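Below: one structure, written as structure tokens.
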Amino acid sequence: MSFSILFAEHAGHLRREIREEPAFFRDLNLDQIVEAITAGKQEYDLKPFFYIALPDEEAVRYRQEVMQELGNQTLLAAIRSFADNMRAIRGYLGSVEKLYYHYHKAGWFLEAVDRYCAAVTRLAEDLNAAGLRSRGFLAFREYVAAYARAEEFRALVTETRELKAELTAIRYCLLIKDGAIKVRHYEAEADYSVDVEETFAKFKQGAVQDYKAKFASGVGMNHIEAQILDCVAQLNPDSFARLDAFCEKYSRFPDETLVMFDREVQFYMAYLEHTDQLKQAGLRFCYPQLSATCKEIYNYDGFDLALAAQLVGRKAAVVCNDFHLQGRERIIVVTGPNQGGKTTFARTFGQLHYLAGLGCPVPGRQAKLFLCDRLFTHFEKEEDINNLRSKLQDDLVRIHDILDRATANSIIIMNEIFTSTTLNDAVLLGRKIMQRIMELDLLCVCVTFIDELAALSEQTVSMVSTVVPDDPARRTYRIVRRPADGLAYAISIAEKYRLTYRLLKERIPS
């Protein structure tokens, strides 16, 4: 039985490793978000999971169910316990790779198998007690139960227990004299350690300072200990022969599906742990309705996840915004003064749709979003001397490539393009591009200084970044739905910093 906690059965073909992040990641600061989410979990190599878009609503719902079920504390404790055990097992097997002495390696291998058997048995019991409802975890419970009942696993448990008991029962004596060590069978000699402790017990006077030297403990073994172990093996050839046979027989003992589950489930754990930190600061997340056909969308109290993590870390306030599109509305045109949160709003729009498409809860108290086939971004970039193109030409080449590849089910986010040309040319080019986007009938956010683009047709919606009414130099970072007003508030800002012509003349002697 093939199983994945990340991919529904019909989406199993997506289980592949993509090492390169999507082209739009850095424009939307999704690279920062993924970096923050996966911090501290590098051992699981989770980033590739964030690069794979899901194909349909059913695959998204599968993940949403799993993510929501991890709110079950019994289940969460079971998964964390299993993860701790698997981490310890990886540590044991890592030690085996680093150690030098044969039976020292074999001993740690036996410990790894023993812990694995206990982990799987415990996991099967915990899943039965968890009261599961999601398709993902119900299928996983069925898989683990079948695996734990299988003859192969039961044989592994039995052989491990018997071999460990057999090796634990071995007793031997060390005879140390004049720098020589002899190893022989234990022959029921008296253990004098008890007598010694009883003899000196009368000298104890309550709590006293401990003068015993502290020695570092580790998994290593020095050459003397290794030689002693080899001698013990020679005295007990049958037991150590069984240990050799055991190591060879079960050299690939971890089940591949359980190993993959241990990695895949951390995708959910990492995301939830990250968002829990933001929830504690009062921010809200929701599981959005998602449709691949309906383009009437909304999000209330949404925010830029990358920026919010930074602000919460500095104990600063996070400004939330709303948006909605209804009927034939497809394009949000964002205008207003600089440094007012326009680009942050555009990034939020892109983040929301991408994270929703991964099956994750998104920022906001309520959301209905569109499951796009592809997401494109066109953000301002510095000129590249290697391609010999001007900034305007580069803008045109990039947007042409996007419009060639986009479909009616795509999303485009454009941020301040055509800033390098005249206003008349920018208006002309902007109109042509917007016309093509409207023909494609796709969803789009366009941040621009060109107010004329905000009222092109019934497909466009105008949203404006706002300022404090009594102090236009101060930004509220609220983006509201209203007609573009063409105000940049440059004079207000110049007055605030005493940079108007009149104030400069007053300050500079003639």
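Where a number appears in this text, it was derived from the coordinates with a stated rule and is not lab data. On a predicted model such as this, the values are computed, not experimentally measured, just so you know. All Cβ positions, even for glycine, are placed from backbone atoms using ideal geometry, and neighbour counts span all protein chains on display.
Using packing as a proxy for protection, rank 158-169, 65-76 so that the peptide with the highest average count of other Cβ atoms within 10 Å comes first.
Working: 158-169: 14.1, 65-76: 16.3.
Sorting 158-169, 65-76 by mean packing, highest first, produces 65-76, 158-169.
If amide hydrogens are placed 1.01 Å from N in the peptide plane, which non-local residues have theirs closer than 5 Å to the one on residue 476?
For residue 476, whose amide H was placed from the backbone, the distant partners under 5 Å are 466, 467, 468.
Exposure proxy check: 115, 133 ranked by fewest other beta carbons within 10 Å? Walk me through the numbers on the way to the answer.
Values: 115 17, 133 11.
Result, fewest neighbours first: 133, 115.
Can you list residues from other chains, or at least 5 along the same chain, whose modelled amide H is less than 5 Å from the amide H of residue 332?
Residues meeting the amide H criterion: 444, 445, 446, 461.
Helix 223-235 versus the longest principal axis of the chain: what is the Cα-based angle in degrees, 0 to 90, to the nearest 10?
50 degrees
Can you tell me the relative contact order of the range 111-193? Whole percent, Cα pairs under 8 Å, sequence separation 6 or more. Write out the running numbers ahead of the final one.
Values: 37 pairs, mean separation 18.2, N = 83.
Over the range 111-193, the number comes to 22 percent.
Based on DSSP H runs of at least 4 residues, each adding -39500 (n - 2.57), what is the mean residue ellipticity at 222 nm of the chain after dividing by all its residues, to the nearest 500 deg cm²/dmol? Mind showing how you got there, number by number?
Working: 16 runs with 238 residues, N = 510.
Using -39500 (n - 2.57) per qualifying helix, the result is -15000 deg cm²/dmol.
Please give every one of the lysines within straight-line cross-link reach of residue 381, meaning a C-alpha to C-alpha distance under 27 Å, and leave out same-chain neighbours fewer than 8 residues apart.
47, 342, 391, 432
Spelling out what I want: for every residue of the range 462-474, take phi, set θ = phi - 60°, compute 6.51 cos²θ - 1.76 cosθ + 1.60 (Karplus), and round to whole Hz; glycine and proline get x.
3J(HN,Hα) across the range 462-474, in whole Hz: 9, 10, 10, 6, 10, 10, 5, x, 7, 8, x, 6, 9.
If the viscosity is 0.890 mPa s and the temperature 25 °C, what Stokes-Einstein diffusion coefficient in µm²/s follows for the range 282-507 when Rh is the Kirkwood radius over Cα pairs? Can you show the working numbers first?
On the way: Rh = 18.7 Å.
Once the numbers are plugged in, D ends up at 131 µm²/s.
At a threshold of 8 angstrom on Cα-Cα distance, excluding pairs fewer than six apart, so keeping six or more, what relative contact order does the chain reach in percent?
Values: 677 pairs, mean separation 81.1, N = 510.
Answer for the chain is 16 percent.
Compute the angle between helix 256-279 and the longest alpha-carbon principal axis of the chain, please, reported from 0 to 90 degrees and rounded to the nearest 10.
50 degrees
Output needed: percent of Cα pairs per 5 Å distance bin for the range 84-201, bins running from 0 to the one holding the longest distance.
Bins of 5 Å from zero give 2, 9, 12, 13, 14, 12, 10, 10, 7, 4, 4, 3, 1, 0 percent of pairs.
If amide hydrogens are placed 1.01 Å from N in the peptide plane, which non-local residues have theirs closer than 5 Å to the one on residue 366?
Answer set, sorted by chain and number: 300.
Starting at the first residue of the range 303-318, write each ³J(HN,Hα) from the Karplus equation 6.51 cos²θ - 1.76 cosθ + 1.60 with θ = phi - 60°, in whole Hz, x for Gly and Pro.
Rounded to whole hertz, the list is 7, 6, 5, 5, 5, 4, 4, 5, 5, 4, x, 9, 6, 9, 6, 10.
Going by C-beta contacts inside 10 Å, put 138, 30 in order with the fewest on the left.
Taking fewest neighbouring Cβ atoms as first place, the list is 138, 30.
Can you give the angle from 0 to 90° between the axis of helix 57-69 and the longest principal axis of the chain, with both taken from C-alpha atoms, to the nearest 10?
Long axis of 57-69 versus the principal axis of the chain: about 50 degrees.
Restricting to Cα pairs below 8 Å that are 6+ residues apart, what does the relative contact order work out to for the range 30-151? Please round to a whole percent.
Working: 74 pairs, mean separation 33.2, N = 122.
Once normalised by length, the contact order is 27 percent.
Ranked highest first by average number of other Cβ atoms within 10 Å, how do 349-356, 92-99 line up?
On the way: 349-356: 23.9, 92-99: 15.4.
Order by mean packing, descending: 349-356, 92-99.
Provide 247, 231 in ascending order of the number of other Cβ atoms located within 10 Å of each residue's Cβ, fewest first.
Values: 247 20, 231 16.
Ranking 247, 231 by Cβ neighbours within 10 Å, fewest first, gives 231, 247.
If you take every DSSP beta bridge fully contained in the chain, what fraction is antiparallel? Give it as a percent rounded to 5. Display every interim value, and only then the final one.
On the way: 20 of 42 bridges.
Roughly 50 percent of the beta bridges in the chain run antiparallel, per DSSP.
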